[in-house]
Each structure stands twice: as structure tokens, then as C-alpha cells.
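Notes follow once the structure below has been shown.
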Amino acid sequence: MSNNIKIVIGSWGSYNECNERALGSKWLELSDYSDWDEIVEELKKEGFELDGIDEVTLFLSSGSVPSFFSNTMLSQAIL
């Protein structure tokens, strides 16, 4: 069993629209990313519109999430 943390990022906009991103991103292994900006680039490659319909994000994880991710998500949610 792997100790790597994996997450799925979704968006309320896509979920409500029932579009191709309604169930979120592919599983992302956090050890593959050094900061939030790299995750944003991956989401854009997957077709997320982070300045549009996918602006409000949510995430599910398979373990505890590093502080850089949690803090970014909290600040994104507040804005």
C-alpha cells in the first residue's frame, strides 16, 4: 500500500452543470507537485476553467493534506 496522498479536485459549477468535469479531476498524487500553481496547471490541462465555471473548487483526499494546499484552498474559498 502506498503512503502517497492522492486528491481529486472538483468544482461546484461543473457538478451543478453535470458536465464532463462533474466528478472532478483524475486522482492527483501530491508528491508530483511542489505547490498549488503546479496543480492549477494540471487542472487547466484537464479542461478546468478556474476563472469561470470551475472557480469554486472542492477536494477529496486519500490522506492528510499538506499545509501549502490547505492554506491555498482556504484562501481561495474565502475570495
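Give me the net charge for the shell around Asp32: Cβ to Cβ below 15 angstrom, other residues only, Lys and Arg +1, Asp and Glu -1.
Details: positive: Lys6, Lys26, Lys45; negative: Glu29, Asp35, Asp37, Glu38, Glu41, Glu42, Glu46.
For residues surrounding Asp32, the net value is -4.
Among Tyr15, Tyr33, what's the order by accessible area (1.4 angstrom probe), most exposed first?
On the way: Tyr15 125, Tyr33 40 Å².
So, going from the largest accessible area down, we get Tyr15, Tyr33.
If you take the charge dipole of the range 1-46 about its Cα centre, with +1 on Lys and Arg Cβ and -1 on Asp and Glu Cβ, which of Ala22, Asn4, Leu43 is farthest toward its positive end?
Ala22
Given Cβ point charges of +1 (Lys, Arg) and -1 (Asp, Glu) and nothing else, what value in debye, to the nearest 20, does the dipole of the range 17-61 about its Cα centre take? Each step should come with its number before you reach the end.
Working: 4 positive and 14 negative charges, 43 e Å.
Rounded to the nearest 20 debye, it is 200 debye.
Got a sec? What order do Ser31, Ser11 fall in by accessible area at 1.4 Å, biggest, i.e. largest, first?
Values: Ser31 80, Ser11 0 Å².
My answer, sorted largest first, is Ser31, Ser11.
Would you tally the net charge around Glu49, using a Cβ to Cβ cut-off of less than 12 Å, leaving Glu49 out, and scoring K and R as +1, D and E as -1?
Values: positive: Arg21, Lys44; negative: Glu17, Glu20, Glu46, Asp51, Asp54, Glu55.
So the surrounding residues net to -4.
What is the set of long-range amide H partners of Leu50 at a cut-off below 5 Å, with H atoms built 1.01 Å from backbone N?
none
Taking amide H positions as placed in the peptide plane 1.01 Å from N, state which residues far from Val56 in sequence (5 or more) or on other chains have amide H under 5 Å from it.
The list, which skips near neighbours in sequence, is Trp12, Gly13.
For Trp12, what is the net charge nearby, where nearby means another residue's Cβ is under 12 Å from its Cβ and Lys, Arg count +1, Asp, Glu -1?
Details: positive: Arg21; negative: Glu17, Asp54, Glu55.
With Lys, Arg at +1 and Asp, Glu at -1, the net is -2.
The values are calculated or read from the model by the stated rules, or taken from the named source; none is laboratory data. Computed from a predicted structure; not experimentally measured. Note that each Cβ is placed from the backbone with ideal geometry, even for glycine, and that neighbours are counted across all protein chains shown. For the accessible areas, the whole protein counts, side chains as well, though only heavy atoms, and no ligand, DNA or RNA atoms are used. Shrake-Rupley method; radii C 1.70, N 1.55, O 1.52, S 1.80 Å.
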